[in-house]
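Below is one structure, written out as structure tokens, with a few remarks after it.
Just so it is clear, none of the values below were taken in a lab; they were calculated from the coordinates. Predicted model, so just to flag it, every value in this text is computed and none were measured. When we count neighbours, we look across all protein chains shown, and the Cβ atoms used for this are built from the backbone with ideal geometry, even at glycine.
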Amino acid sequence: MSRQLDHYIHLLQRKWWFVLPVTAAVIIIYALAVNKLGISRPKLDATAILQFDDPDELSSVQERVVLESDAKAVLVRSRSFLEGIVRKLSLQLEVSRYSRSEIFDSVWVGIDAPIGDYEFRPKGDSYSLLFTDRMSAKTRIASGEISTLKETSLPGLTLLWSQDFLSGPRRIKFRVLRTRDAIDRIVDNLTVKTSGKDFTIMSVSLSGRDYEMITNTVNAIAQDFVEENSNTKRSRKGEVMELLEKQLETARREMVAAEANLRKFREANPTVGLPDAFSPPVTILDLKETEAELKSALLQARGLQDRYRITIDTMRIPVLNEMISFLNRYQTGTAEALGSELQGLIEESRRLRDQYSPLHPIVTQHKEDVRNFGTKVTSALYDLMNQLSRRISENNTRIDKINSEIAKLPSKELHLSNLQRKYEVNSEIYANVLTRYNEAKIARAMEVGDVYVVDLAVVPEGSSDPKALFVLVGMGLFLGLLAGVGPVLVVDFFDQTARTEKDLRRMTDLLILEAVPVKGCWGKGRGTIEEKCIDTKLVAPDYSQNYVDETYRSLRTKILLSLHEEKRKRIIITSLNMGEGKSFTAANLAITMAQQRIPTLLLDGDLRRGIQHLHFGLEKKPGLSNILSDSSPLSASYLQSSIQSTHINYLSIIGSGSTVPNSAELINSLRFRELLEILSDNFEMIIMDTPPVAVTTDAVGVQDVIHKYMFVVRAGHTNISELNRKIKEFPGLRKKVLGLIFNGAPYRRTEYYQYASYKY
């Protein structure tokens, strides 16, 4: 964890030139965008409170069934209801950055208003009103003098400008939305909740940044909902009254006709009487009343079925509630279970409405569950209708039986009995219908709405919300850091090179023998890795004081301590790829070994591109490739012509020789092993420079005769992950690796100043 933290700290220090400007630029752009869009203005709620009540007792009229308040609350979110609010308040027009009341005193948007963006541009005392949509460029649709501007009338759009705005005009933008989009804005920000005992309290809240607009919208929703509810009640009661008036007129006409027929018969037959034993049974009147009630119930059941069939999804629950109440009235066996299941669906609907959007898959599935439940209720209602039909049939059978008994009476007495019975039945029916009609008239005259507004919404105060301000500031900082630090971290994640010694220790578990700075960079390149700073001078032969030379001497000491038990010391200096400084490192290490008066041979084993002879101003051939390609027996005298002395005492070099295509075969031959044995008789230290291991495997095949391998890693260049993988790829190589030499490392300031102080 500590290594990771140090790495990221150093990474940000190294990339400050990118992180700081980008972070600052993004934060400034974010602040300007927040100010331009008006987001800094807190989003507040305007809330209206309504209460449900049911002051009317259910009379024999039975014109309605009590609905759950939660079922009624669904109407507030219905799109058809909200469309009326949008058109009433012209909510299709919205203003950017400002509240609409700051710009306009009133707005009217018609159905033919052009959909698009509008821009008001003042210039001195003149102005221009521009319009654009997605399909066309900006066009000027109105212009004139601000001093005479009061109202702007356009096709489908009328704007009455605010005098406060005209006294200090500024550039503003507003847009006209589709009615559907304006409804979506309300639905997305509208919250409807029911609470209290039996959920009789309903709160309607709308959130937004135009405080006066959301307040007017919420109050319009509350008031129109109350009016819509009252209109629905009046409409339903009016339909009942109209039906009862027709029934009453028919019953009165039939009763008068029956009375006239009875009176006419008695006048014609004054002596005909009806003994008590043969008087029409009172039961027949009851049966007729029962028949009328059953037929009325059957009509209501069919009406409920027809209403449910044409009901939309948002209105299914209220109709299902009426259907279950109807089933309860006739005490069906499934009514109680269906009522419990409906209550569960109502609670689930309330929960989903608060947590999910109307188009969420869970809400869609819930609608499907309601439809399936409706199928069950419809089936139960159908069974009840069958029962009612059977009861009507049974009732008619009993009436027919009584009529057959009456038919046995003498003809005149029988006729009198029929007239008397018909009159009494019609009188009873007329009395019942008249009673129901009077009750309906009283209920209509004393009608009180079952929902009313308890408290209208007030304009919320736009005081700054500390939490919202904190979120805005935090979001700006987050976006700034994301833009500034993010790319650096992404590049670092895919960057498998090491730029500092700490990076190298974090990325590999191999021993780091020494970190060698670029010679001549201190004070010019500020420790960075730049080609122009590389100085190819070798370690000074005169032991001149130099910090970089001292790092090579430190490396020499570590190597000698590691190989102190070996009499014939043989090491290979290699790297992963070309251009990482292995040849230059091998040459400088050989010089420091020779300065220790150790007979040292620098063997250029890169038979393709050997350059060691260039460092010392010597000849390339005859060299190693010539020795290995020749068939002459190996001996000290034979090798004498290929071994070249350098300007450094105790240091000799064998160049790479002529370029050959089969270098791997030559290096891995028995002749090469014999050559090492002969050379080891004359040199205590053999340092071999080989091709990179990623290019060729020349260096890997001689593990049996080489004591240790050292890999040169160039800062900011070598792929450390690839190097680790390459070393693991060859069996036994890991044990032979003495360590890594970090070439081109930044100067370690502390050690450099300590060395400089000691030197002077």
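Highest mean first, the peptides 718-730, 569-581 sorted by other C-beta atoms within 10 Å per residue fall in the order 569-581, 718-730. In the chain, the longest principal axis of the Cα atoms and the axis of helix 466-494 are about 40 degrees apart. Peptide packing for 412-425, 154-167 was compared via the average number of neighbouring C-beta atoms within 10 Å per residue; ordered from the highest value, the list is 412-425, 154-167. What you get for segment 235-455, charging only the Cβ of Lys and Arg (+1) and of Asp and Glu (-1), is a dipole of about 600 debye around the Cα centre.
For LYS123, the aspartates and glutamates whose Cα comes closer than 13 Å to its Cα, not counting residues fewer than 8 places off in the same chain, are GLU145.
For the set LYS264/LYS412; LYS88/LYS237; LYS582/LYS736; LYS567/LYS726, the pairs lying more than 25 angstrom apart at their alpha carbons are LYS88/LYS237; LYS567/LYS726.
Look at the Cα gyration tensor of segment 558-699: its axes a ≥ b ≥ c give a/c under 1.5, and that counts as rounded.
From largest to smallest, the equivalent ellipsoid semi-axes obtained for the chain from the alpha-carbon gyration tensor read 106, 38, 20 Å. Residue ranges 495-503, 389-397 sort as 495-503, 389-397 when ordered by packing (mean number of other C-beta atoms within 10 Å per residue, highest first). Relative to the longest principal axis of the Cα atoms of the chain, the long axis of helix 316-329 lies at roughly 40 degrees. Among the listed pairs LYS43/LYS367; LYS502/LYS735; LYS401/LYS441, those with a Cα-Cα distance over 30 Å are LYS43/LYS367; LYS401/LYS441.
Contact order for segment 235-455, expressed relative to its length and based on alpha carbon pairs under 8 Å spaced 6+ residues apart, stands at 44 percent.
Rounded, prolate or oblate: pick one for segment 594-635, where a ≥ b ≥ c are the square roots of the eigenvalues of its C-alpha gyration tensor, a/c under 1.5 means rounded, and failing that, prolate if a/b is larger than b/c, else oblate.
Working: a/c = 2.53, a/b = 1.35, b/c = 1.87.
Oblate shape, in that a/c is at least 1.5 and b/c is the bigger or equal ratio.
In summary, the aspartates and glutamates within cross-link reach of LYS569, defined as a Cα separation below 12 angstrom excluding same-chain residues under 8 places away, comprise GLU677, ASP681, GLU684.
For helix 582-595, what angle does its Cα long axis make with the longest principal axis of the chain, in degrees from 0 to 90 and rounded to 10? That works out to roughly 40 degrees.
Would segment 542-607 count as rounded, prolate or oblate if I go by the C-alpha gyration tensor, calling it rounded below 1.5 in a/c and otherwise prolate when a/b exceeds b/c, oblate otherwise?
Working: a/c = 1.67, a/b = 1.11, b/c = 1.50.
Since a/c reaches 1.5 but b/c is at least a/b, the shape of segment 542-607 is classed as oblate.
Report the charge-dipole magnitude of the chain in Debye, nearest 20, computed about the Cα centre from +1 at each Lys and Arg Cβ and -1 at each Asp and Glu Cβ. Walk me through the numbers on the way to the answer.
Numbers: 100 positive and 95 negative charges, 498 e Å.
Here the size comes out at about 2380 debye.
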